[in-house]
Structure formats: structure tokens, C-alpha cells
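To start, the structure itself, in C-alpha cells.
Values in this text are rule-based calculations from the coordinates and carry no lab data. Computed from a prediction, not measured in an experiment: that's the story for all the values here. Note that each Cβ is placed from the backbone with ideal geometry, even for glycine, and that neighbours are counted across all protein chains shown.
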Amino acid sequence: MLSNSVKRLFVRQIKSSIRTTSVRSLSAADDVTILTKPSENIKGDYDVIIAGGGMVGCTLACAMAKDSILSNLKVLLLEGGPDKEYKWKPEYSNRVVALNQNTKALMTSLDVWKRVEKMRLQPVRYMQVWDASSDAMISFSSSELLDDDVAYIVENDILLHAVNTELTSTDNNVKIVYDAKIAGYQLPKQDNSTVKSYVQMSNGDTYTCQLLIGADGANSAVRRAMGVQYLSWNYDQMGVVATLNLAEEYTNTTAWQRWIPTGPIAILPLDSKRSSLVWSTWQDHAKQLLKLPEDQFVDALNDALWKQYPRSGSVETVTSFVSSWLRRAGLPDGAARQLPPSIRSISPNSRAAFPLAFGHSTRYIAPGVVLIGDAAHRVHPLAGQGVNLGFGDVADLTKFLSNAMYSGLDITHTDWMSKYESTRQRHNVPTQVMIEMLHRLYTVDLMPVVLARSVGVQITNALQPLKKMILSHAAT
Amino acid sequence: MSLWKLNKCIFDKSKTVVSSKVPQPGSKLSLRRNQTEVQNPPIGQSFNKDSTIDAADVKFFSQRMKEWWNPNGEFRLLHSMNLIRVPFVRDGLVSATKKDLHPLRDKKILDVGCGGGILSEGLARLGAAVTGIDASKELIEIAEHHKHVDPKIAENKPKYIHSTVEDHAKSTSNFYDGIVASEVIEHVNNQELFVKSCVHALKPGGRIFFTTPNRTRWSQFFVIFFAENVLKTIPQGAHQYEKFITPNELTFLLERNNCHVELTYGVTLNPVTGQWDFSQFQHLMYAIQAVKLS
Ligand SMILES: Cc1cc2nc3c(=O)[nH]c(=O)nc-3n(C[C@H](O)[C@H](O)[C@H](O)COP(=O)(O)OP(=O)(O)OC[C@H]3O[C@@H](n4cnc5c(N)ncnc54)[C@H](O)[C@@H]3O)c2cc1C
Ligand SMILES: C[S@@+](CC[C@H](N)C(=O)[O-])C[C@H]1O[C@@H](n2cnc3c(N)ncnc32)[C@H](O)[C@@H]1O
């Protein structure tokens with residue numbers, strides 16, 4: 001057991017050796033190039049072009065349409081995908097996100113939240129995280145820590161649809177182009193508000209803009225064109241997602257997360273009978289899981305949720321000592337835990353797997369260019385923070401840009417742009433580091449590591465103020 | 001550097017105007033530098049009726065102009081100061097209930113000692129109808145030239161006049177919604193007349209704004225000694241410690257001229273980021289806002 005984990009740790013270290021890409025070297029191999037000479041066929045000139053109409057890019061467009069100052073800007077949103085018509089279905093989508101209170105506040109201010117509520121969302125009021133290699137567990141409950149819900153589970157499609165409906169419900173300053181295949185960018189070399197960015201489409205059209213916003217996801221071509229350093233590594237892990245049917249019906253408002261030696265398994269509530277799965281595991285294992293017949297997959301999942309993993313005797317001794325010590329001190333010892341749900345079946349064909357990786361762009365800005373969302377930062381989904389960080393970017397970007405324009409500054413003024421970068425990095429980077437530390441701590445089953453994290457978790461769980469602090473950081 | 005040289009010569013010129021007209025009031029506020037006895041023709045002398053372009057002069061001023069309007073050049077501190085003084089003036093004149101692009105629309109503002117127009121243009125961008133006056137003909141020309149450069153003010157260019165405030169105020173009593181004198185009062189002769197004339201041009205209920213160095217050991221060391229002798233970014237003698245005015249003295253002058261001081265902030269420059277900030281620390285520089293009572 002021990003030698004096995006040492007081996008795994010070692011192998012992982014090699015495989016996931018840190019990659020820093022300074023992008024120019026890569027660009028030749030990339031589909032999106034850095035233009036030297038943009039075509040002269042200028043299709044349109046805009047104040048702002050948002051490249052990428054995912055959840056984050058669309059929300060920014062919506063925020064720019066709603067802000068009393070930013071709505072004066074001529075905005076173009078370019079999305080590579082088609083304009084999918086959304087149809088509400090009784091079945092849940094397998095892609096869901098957990099949204100925190102800050103995201104809710106942003107969406108409420110954009111009148112998007114009420115649209116989401118009208119369609120479908122599930123509040124999370126209790127969260128329980130427990131460790132398969134020891135008895136340690138930590139729980140967060142909204143009633144004891146916050147006045148509000150811990151989080152909300154919303155399908156990606158629904159959120160995107162709500163944002164887009166709100167965005168297109170009024171005549172506004174935003175023009176959206178779907179199926180927009182961007183072939184390349186030419187960015188201004190230095191800070192000079194008269195120099196524009198060129199966005200070249202594969203059909204030969206060119207758009208120009210003063211401010212280019214890269215919301216084009218983890219593999220951002222805007223980021224590559226900026227030539228900034230990008231620190232990234234693969235976890236060699238994938239997130240296996242599926243929609244789960246529960247064995248019993250109950251008020252399903254608990255988010256469960258169990259750490260087994262291969263990684264975290266999260267079960268997020270959808271309604272009284274259904275939950276959504278994000279099972280992070282090694283790539284080969286994930287591929288196996290996808291190939292299993294559906295009933296065997298359910299068995300494997302229930303097994304992973306309930307199985308007693310071999311435990312180290314010394315860890316047991318210490319954690320039970322800590323428990324008794326906590327009990328004597330009158331603090332919660334973590335024994336009062338809820339039992340996770342049993343899974344009856346999965347919705348047919350709801351399984352899929354997504355690669356997981358870490359990514360950090362050392363700069364979020366360049367003259368006339370800003371990165372937001374996964375283009376700037378990518379995290380492991382274990383804490384359900386990914387898109388929330390992106391929505392935080394949207395909130396801060398609109399605030400700083402709007403303030404700058406209210407003070408008469410150019411939309412590419414370095415003052416607001418550097419404020420944006422430093423404010424966001426000061427929030428995003430520690431969050432990314434925390435998630436990374438958790439991930440490393442938990443994908444190891446070496447006795448001393450298990451011991452340290454178990455005791456850490458037991459004590460954290462006992463201390464309300466500490467838990468409150470964790471939650472409030474996760475919520476901002 | 002050249003800013004200070006220019007100022008100095010301008011100052012010397014305008015001084016003749018001011019001091020020849022006004023008797024010096026109380027000693028504390030009066031000028032302690034050798035009072036000028038020069039009785040040259042005042043400001044009007046620099047108006048040249050026969051315009052013959054001097055190529056060397058044109059070149060000199062186009063270079064100056066480039067410098068004055070280079071945000072990273074010699075006047076960068078005035079440029080970066082716009083980041084705090086434009087919002088300062090804006091928030092003094094309008095309360096932001098619904099923010100829009102031109103919050104100062106319909107506001108008539110007089111920028112006294114406008115120089116090359118850095119602050120005037122910043123305010124014009126917010127929609128204000130700005131009149132900039134300066135005692136330097138050359139700087140007014142620079143400002144006049146540059147106002148055509150920024151497309152954002154194409155519809156709302158400031159009006160520049162080569163004049164002193166006491167002259168200008170004669171024809172504009174109770175006229176402006178806002179009067180701004182940023183980094184000017186420390187250069188003028190007869191500060192009492194200066195304040196009085198500014199207030200004269202202001203509507204009752206209008207706001208008047210000043211930014212200027214304080215007169216303390218701090219400003220003496222940093223603004224004069226350190227900048228002139230150590231950094232040598234300012235030629236020796238550009239500033240005179242005696243001409244600096246304290247917040248109390250300026251408040252006194254304003255209140256004596258029927259104004260009520262509403263705000264006094266310290267103004268500090270972060271030496272690392274090069275950014276200006278409002279703070280509690282008033283010993284180096286400060287900003288004052290007052291309202292004219294009816
Ligand atoms: C399994 C899994 C579970 C997750 N769970 C959570 C969770 O619970 N909570 C959470 O907060 N986050 C979660 N995340 C993360 C979250 O999904 C991402 O952070 C989020 O999708 C990022 O949004 P984005 O708009 O920045 O990027 P994306 O969603 O990647 O959008 C980028 C958009 O840009 C477009 N685009 C890209 N290139 C071009 C181009 N060249 N031309 C034109 N268009 C282009 C794409 O078509 C796409 O629409 C999870 C992620 C995974 C993989
Ligand atoms: C340091 S500059 C400030 C320029 C401008 N207010 C700004 O902040 O960008 C000082 C200016 O005050 C002008 N000045 C000095 N004495 C003056 C006077 N008595 N009347 C009008 N302007 C004067 C100078 O010509 C110079 O342009």
C-alpha cells in the first residue's frame with residue numbers, strides 16, 4: 001500500500017511536471033495565429049469585442065448592456081459555437097455548476113436570477129466532506145454559518161440561456177455573432193489608445209476594437225496572442241459527470257463530497273430524487289468508468305461512496321483521541337454525520353468526462369486587452385469555484401471600467417486595467433492555491449499526510465469561526 | 001522642469017499685473033519674495049498684433065506642447081493627478097444617483113491657471129462647458145492647439161482665454177457653477193485678490209476647488225529641497241516656501257469671501273506606484289472644496 005502510493009506520487013510528479021508556456025513558441029502549431037498583417041476587409045469597428053460567448057463572456061455582455069455608463073459602448077460578442085435554441089426538458093443536463101452568494105448577487109443585479117429561478121435551480125443548505133482514509137469529516141450548514149444558502153446548483157445550459165434571454169430581451173448596445181470562427185488577432189504593441197486590435201475571422205472578415213476581452217476559455221487564443229506566461233499542469237485526471245437517480249426521495253439539499261484515494265467524488269443536489277455527479281479520477285480509470293454498462297457504473301459509484309478503505313492504525317488512534325478531546329472541550333467531534341444517499345440508477349446516456357487541469361495566466365492584461373474567466377485561471381472543480389471566479393472577474397471589470405469612464409478616462413486606460421488585474425489576482429490566486437493544496441493533500445494516502453489532514457479537518461470542523469471564514473472566502 | 005521655468009516666467013509676468021493693482025493685505029498671506037517693481041506693460045504686452053511666425057518659436061512650442069501633453073513626460077504628475085482631481089470636481093458638482101457618461105453636462109466651469117489644458121480637457125470629457133484662463137499666452141496657445149486632438153471632446157471643446165482671473169471676473173460675475181484652481185495659488189501674487197476674484201465669478205451655491213502644497217516642514221523638504229536639490233526635477237527657485245498657503249489660511253480666505261469650506265483632503269503621491277491618492281495626511285499637499293453662500 002505504502003510503496004504503491006509513493007510510486008503514484010512519484011509518477012504523478014513526472015507526468016504533471018509544471019508547464020510554463022510562453023506562447024509565441026506554440027503559436028505556429030496553433031489553429032489561431034497572431035497576425036502580422038490583418039486583412040483590410042473591415043466588417044465593423046467596435047469599442048469592445050468580447051471573444052467567447054461562454055457563461056462568463058455572455059454575462060459580461062449582459063452586464064455591459066445593463067450598466068448606465070457601459071451601455072454607451074458599442075459591443076460585439078463573438079461566439080464560435082452555433083446559436084443553440086434552448087428547449088426546457090424535464091431531464092437534467094449533466095453539466096451543472098455550484099454558484100455562490102456573490103454570483104447570485106451579480107445575477108440578481110442583472111435580472112438574470114429570477115429567470116433562473118423560474119426555470120430550475122436547487123439550493124444547497126448543507127455540505128458534508130469526508131475522508132475515506134480516516135474518520136475525519138467537515139460539514140458546512142447554512143443555518144449555523146450563514147443566513148443564506150451555502151450555494152445553488154444550476155445547469156450550465158439554464159444559466160447561459162437565462163443570461164442570453166435577458167441580454168436579447170431589449171434593444172441594446174451588444175451585437176452577437178454566432179458561428180464566429182476567429183482565425184487570428186493583431187494586438188496593439190504598446191499602450192496607446194489610438195491603436196486598435198484586429199480580430200480576423202476565418203471567412204476573411206476583420207473586426208477592429210479598442211478593448212478586446214478574452215473570454216474564450218481555458219485554451220484561450222487571446223491569451224496566446226498576448227504572449228503572456230501561462231503556468232499550467234494537467235492532473236492526469238478527468239471529471240466524470242452523470243445525472244443520478246437516488247434510491248430514496250428526500251429533501252435533497254445536501255452537497256456531498258467524499259475523498260477517496262483516487263480523488264474527490266461530489267454529489268450535488270438537483271431535486272428530491274436526482275443529483276448530479278462529478279467524479280474526479282485518474283484518466284484511465286475515468287475512461288473505464290465511461291465504458292462500463294450503466295448498472296455496473298452505479299455499482300462502482302455506490303462502492304466508492306460506501307466502501308471502507310484500508311486505514312492506518314496510527315491514524316485511527318490519533319483521530320479517535322482528537323475526537324474524545326474535542327468532546328471533552330464541548331466542541332463538535334464530527335461523529336454527528338449524515339449518511340450519503342444511495343444511488344439507484346443513472347439517467348441514460350448522461351455520462352461524460354472532462355479533462356481537469358490547473359492554469360494561471362501571470363498577466364490578465366496587456367495594452368488594450370483583458371482576460372476573464374477560464375481564459376485567465378483554471379481550477380480543479382473540487383471546490384466548485386471555477387465559474388464563480390469568472391463571475392467575480394465580470395463584476396470587478398464592469399465596476400472598474402464604468403468608474404473609469406465616469407471619470408472621463410479612455411476605455412483602455414492603464415489605471416483601471418491594472419486595478420482590475422491586481423484586485424482579481426489578489427482574490428483568484430490564493431483561491432487557486434488553496435484548491436491546489438487541498439487536491440494534493442487528498443490524492444495521497446501516505447499515513448503522515450492522512451494523519452495531518454484528518455486532524456486538521458477535525459479541528460477545523462469544530463471551530464465555527466474558522467468555517468465561517470472559509471465559507472465567506474469561497475463566497476467572494 | 002520646463003513647466004517650472006515657464007511658470008516662473010509667467011509668474012513673473014502676471015505678478016506685475018496683480019501686484020500693481022492690489023495693495024498687499026496682511027503680512028502672512030502676502031508675497032515675501034522681492035516685490036516686483038517692474039512696471040512693464042502688463043499682460044497685454046504679449047499680445048502681438050502683427051502675427052509673424054517665428055519658425056524657431058513654433059518649433060520650441062511644438063516641442064513644449066509634446067512635452068506638456070506627454071502623459072509620461074515632464075508633466076506626468078499633472079496628468080496622473082487628473083485621476084483624483086477630475087472625480088473630486090465631479091463629485092463636488094453632481095451627486096451620482098444615475099451615473100452617465102457626461103455627468104457635468106450643463107455645468108459651466110472656470111479653470112483658473114489652466115496651463116496646457118490638462119485638467120480643462122479632463123473636465124470637458126465629462127460634458128462640462130469649460131473656460132480655461134491662464135496668464136501665459138504660450139500655454140494658452142498650447143491648450144488651444146491641443147483641444148482639437150482628442151475626438152472625445154470634439155463636440156465640447158474648452159474655451160481658452162489669455163487672461164488673469166481678476167480681469168476675467170469683471171465680465172463674469174456670479175456666472176460659473178464651478179471654479180477650479182489646481183496647482184496655481186502657490187504661484188500667484190496676492191492670494192487674497194486671487195481668491196476674491198475666483199469667488200466673484202462663481203454663482204451662489206456654486207463650488208470652488210483648490211489643490212496646492214501646504215506650507216509645512218514636510219512640503220519644504222519634499223516639494224522644495226528634495227525635488228529641487230536632490231532629484232533636480234524642479235529648477236532651483238521655482239517654488240518659494242513663503243508663497244505656499246496652509247489649509248487654515250486658505251479656509252480663512254474663502255470664508256472671508258462668503259464661502260463655506262465643505263471638504264479638505266490630504267493629497268499624497270505613492271512613490272512606488274506613482275499614483276495620487278486622497279488621504280488624511282495634509283502636510284504635503286491638499287485639496288479644498290467650498291460652496292459660495294448666497
Ligand atoms: C467537470 C467540471 C465541473 C465543473 N463544476 C463547476 C462548479 O461546480 N462550479 C463552478 O463554479 N465551476 C465549475 N466548473 C468550471 C466551469 O465550468 C468553468 O469555470 C466555466 O465554464 C468557465 O466559463 P468561461 O465562459 O470562462 O469559459 P468556457 O465555458 O470555456 O467558454 C468559452 C467560450 O469561448 C468560445 N470560444 C473559444 N475559442 C473561440 C474562438 N477562437 N472563437 C470564437 N469563440 C471561441 C467557446 O465556444 C466557448 O463558448 C466545472 C468544470 C468542469 C470541467
Ligand atoms: C502648475 S501649472 C498648473 C496647470 C493646470 N492647472 C494643471 O493643473 O494642469 C500653474 C499654471 O498657473 C498659471 N498661472 C500662474 N499665475 C497665474 C495668474 N496669476 N493667473 C492665471 N494663471 C496663472 C501658470 O501660467 C501655469 O500655467
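Can you sort A:LEU73, A:LEU438, A:LEU99 from fewest to most other Cβ atoms within 10 Å of each residue's own Cβ? It would help to have the intermediate numbers written out before the result.
Working: A:LEU73 21, A:LEU438 17, A:LEU99 24.
Fewest to most other Cβ atoms nearby, the residues stand as A:LEU438, A:LEU73, A:LEU99.
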Problem set entry | Estimated vicinal HN-Hα couplings, Hz - the range A:165-180 in sequence order (Karplus 6.51, -1.76, 1.60; Gly, Pro = x) | 5, 5, 5, 9, 6, 10, 6, 8, 7, 9, 10, 10, 10, 8, 6, 8
Exercise. If you rank A:TRP233, A:TRP130 by fewest surrounding Cβ atoms within 10 Å, what's the result?
Worked result: A:TRP233, A:TRP130
Exercise. Roughly what would the spin-label model give for A:ASN172 and A:THR317, points 7 Å off Cα along C-beta, in nm?
Worked result: 6.3
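Could you sort out which of A:LYS104/A:LYS189; B:LYS137/B:LYS157; B:LYS147/B:LYS170 sit more than 29 Å apart by Cα distance in this structure? Kindly include the intermediate steps, with their values, before the conclusion.
Details: A:LYS104/A:LYS189 38 Å; B:LYS137/B:LYS157 18 Å; B:LYS147/B:LYS170 26 Å.
Pairs exceeding 29 Å: A:LYS104/A:LYS189.
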Problem set entry | Residue-span extension gain [A:VAL433 to A:ASN72] - 0.36 nm each, minus C-alpha spacing | 126.2 nm
Exercise. Using modelled backbone amide H atoms (1.01 Å from N, in-plane), which distant-in-sequence or interchain residues come within less than 5 Å of B:TYR160's amide H?
Worked result: B:GLY132
Seminar exercise, completed: As straight-line cross-link partners of A:LYS468, the qualifying aspartates and glutamates (C-alpha separation under 15 Å, not fewer than 8 residues apart within one chain) are A:GLU144, A:ASP147, A:ASP148, A:ASP149
Problem set entry | Size of charge dipole - the range A:67-137 - debye, nearest 20, with Cβ of Lys, Arg +1 and Asp, Glu -1, no other charges | 320
For this session: Identify all aspartates and glutamates with a Cα-Cα distance to B:LYS98 below 14 Å; exclude those on the same chain that are fewer than 8 residues away in sequence.
Result: A:ASP67
Seminar exercise, completed: Along the range B:78-88, Karplus-curve 3J(HN,Hα) (6.51, -1.76, 1.60; θ = phi - 60°) to the nearest Hz, with x for Gly and Pro, reads 5, 5, 5, 5, 4, 4, 9, 7, 5, x, 4
Exercise. Taking the Cα centre of the range A:266-342 as the origin and placing charges on Cβ (Lys, Arg +1; Asp, Glu -1), which of A:SER324, A:GLN308, A:LEU268 is farthest toward the positive end of the dipole?
Worked result: A:SER324
Problem set entry | Approximate spin-label separation A:TRP306-A:THR251, in nm, with each point projected 7 Å along Cα-to-Cβ | 2.5
For this session: May I ask which of A:LYS66/A:LYS399; A:LYS66/A:LYS175; B:LYS108/B:LYS159; A:LYS43/A:LYS419; B:LYS243/B:LYS292 have a Cα-Cα span longer than 22 Å here?
Result: A:LYS43/A:LYS419; B:LYS243/B:LYS292
For this session: Within the set of other residues whose C-beta is less than 15 Å from the C-beta of A:TYR207, count the net charge using Lys and Arg as +1 and Asp and Glu as -1.
Result: -2
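If you put +1 on each Lys and Arg Cβ and -1 on each Asp and Glu Cβ, how big is the dipole of the range B:130-186 around its Cα centre, in Debye rounded to 20? Before the final figure, lay out each step's value.
On the way: 6 positive and 11 negative charges, 51 e Å.
Rounded to the nearest 20 debye, it is 240 debye.
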Seminar exercise, completed: Across 10 Å bins beginning at 0, the whole-percent shares of Cα-Cα pair distances in the range A:159-235 come to 14, 38, 34, 13, 1
